[in-house]
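Only the coordinates and a few stated rules stand behind these numbers; no lab work does. Just so we're clear, the structure is a prediction, and the values are computed from it rather than from any experiment. Note that we place each Cβ from the backbone using ideal geometry, even for glycine, and neighbour counts take in every protein chain shown.
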Amino acid sequence: MTTTEHSPTAAGSGASASQVFRATHSATDTAGEVSAERVDDVARALLRAVHEVIREKNVTYSEFQAAKQWLMDVGEGGEWPLLLDVFVEHVIEDVAARTQNGSVGSIQGPYYLPEQRRVDSPATLPARPDEKGEPLVLAGRVVDLDGNGVGGAELDVWHADDQGYYSGFAPDIPEGNLRAVVVADEAGWFEINTVRPAPYQIPTDGPTGNLIAAAGWHAWRPAHLHLFVQAPGYRRITTQLYFAGGDWLDSDVAEATKPELVLDPQPGEDGRLHSTYDFVLEPAS
Ligand code: MBD
Ligand code: FE
């Protein structure tokens, strides 16, 4: 998968995100086994909601044509994954959370890349020799619902750098940078050494950024770490961790923060920021 050679544009990161999505989700994965009844029910409700907005807001022909143009641009810019993950995924996650008993989750977003380097805990995420950003140590334990350690649990971690850019979706960042599958020890303990990421800004030069600017919104997500936490026999957790006091924490454009997910790292004697977090896995259904 070549995802590194893109210009620093919305089109570059959008094309990468679309390409990765297609490569990691087969058509049958998503659309294969949906009954006509379900499609009828959901698609009809969706269209009804659109019709209702048009009537309520007196949407005009010229606004309709502008919307059509913009939707075409979203597709051509490869921004469907970005747009949907920013504005819709948090509600999908809310619905999924209704049946979840382990740790609190959050959205996946568009920038996960599978098959990263596996590193045993205590682990250091792959980083450039001169990687910018405050050194950060996240340590904790993966446990089951009874509080027993889950040995060998995997923490698939990815996050933006000190400039808010993700490897694979911005130019000049080495493949796999600030991404790894960290393997907890036999008692479920883990330690992850990395750097504190910066907030993320949606590219302002693409259709998603155009909408945000046209509406007078802001384009920022607070700084965050992404994680999948998983072990055989357990339901996988998709989550994010944020930083107390960080910018945009109370106004995430993707509405994906939760109070339980906010870290408050403190400087240790080694000069690095330290934080702890435990993950609770429930059995797979
Ligand atoms: C991100 O980094 C992200 O986490 C989400 C959810 C959407 C866009 C960019
Ligand atoms: Fe992100």
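On a full-extension model of 0.36 nm per residue, what is the gain between Met72 and Leu84, subtracting their alpha-carbon distance, rounded to one decimal in nm? Don't skip to the answer; put the middle values down first.
Details: separation 12, 0.36 × 12 = 4.32 nm, distance 1.46 nm.
Answer, rounded to one decimal: 2.9 nm.
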May I ask for the Kirkwood hydrodynamic radius of the range 39-163, worked out over all distinct Cα pairs and given in angstroms to one decimal? 19.5 Å
Could you give the nm distance between label points at His25 and Arg118, where each point is 7 Å from its Cα heading toward the beta carbon? 2.7 nm
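Please work out the FRET efficiency for the pair Asp247 and Asp40, using the Cβ-Cβ distance as r and a Förster radius of 41 Å; give the result to the nearest 0.05. Intermediate values should be presented prior to the final figure.
Working: r = 44 Å, r/R0 = 1.08.
Once the sixth-power term is evaluated, E becomes 0.40.
To make sure I understand, if each residue's beta carbon is the centre and we count other beta carbons within 10 Å, what order do Ile202, Ile92 fall in, fewest to most?
In order of increasing Cβ crowding within 10 Å: Ile92, Ile202.
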Reduced Cα scattering model of the range 91-226, Debye log10 I(q)/I(0), q = 0.08, 0.10, 0.17 Å⁻¹: -0.26, -0.40, -1.04
Rounded, prolate or oblate for the range 194-280? Axes are the square roots of the Cα gyration tensor eigenvalues, ordered a ≥ b ≥ c, and the cut-off for rounded is a/c under 1.5. oblate
Once you order the gyration tensor axes a ≥ b ≥ c over the Cα atoms, which shape class does the range 239-285 get: rounded for a/c under 1.5, otherwise prolate or oblate by comparing a/b with b/c? oblate
In what sequence do Asp161, Asp41 fall when counting other Cβ within 10 Å, fewest first? Asp41, Asp161
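Find out how many positive minus negative residues lie around Val280, taking Lys and Arg as positive, Asp and Glu as negative, among other residues whose Cβ is under 10 Å from that of Val280.
Values: positive: Arg141; negative: Asp144, Asp146, Asp278, Glu282.
Counting the neighbours of Val280, the net charge comes to -3.
Checking a compactness column here: for the chain, what do you get for Rg(Cα) / (2.2 N^0.38 Å), N being the number of residues? Don't skip to the end; give the middle numbers.
Values: Rg = 20.1 Å, N = 285, 2.2 N^0.38 = 18.8 Å.
For the chain, the normalised Cα radius of gyration comes out at 1.07.
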Rounded to 5, percent antiparallel among DSSP beta bridges of the chain: 70 percent
Using the alpha-carbon centroid of each, what span in Å lies between the range 77-150 and the range 177-237? 6 Å
With runs of 4+ DSSP H residues as the only contributors, calculate the mean residue ellipticity of the chain at 222 nm using -39,500 (n - 2.57) per run, divided by the residue total and rounded to the nearest 500. -9000 deg cm²/dmol
Contour minus Cα-Cα distance for Ser62 and Asp146 (0.36 nm per residue): 24.3 nm
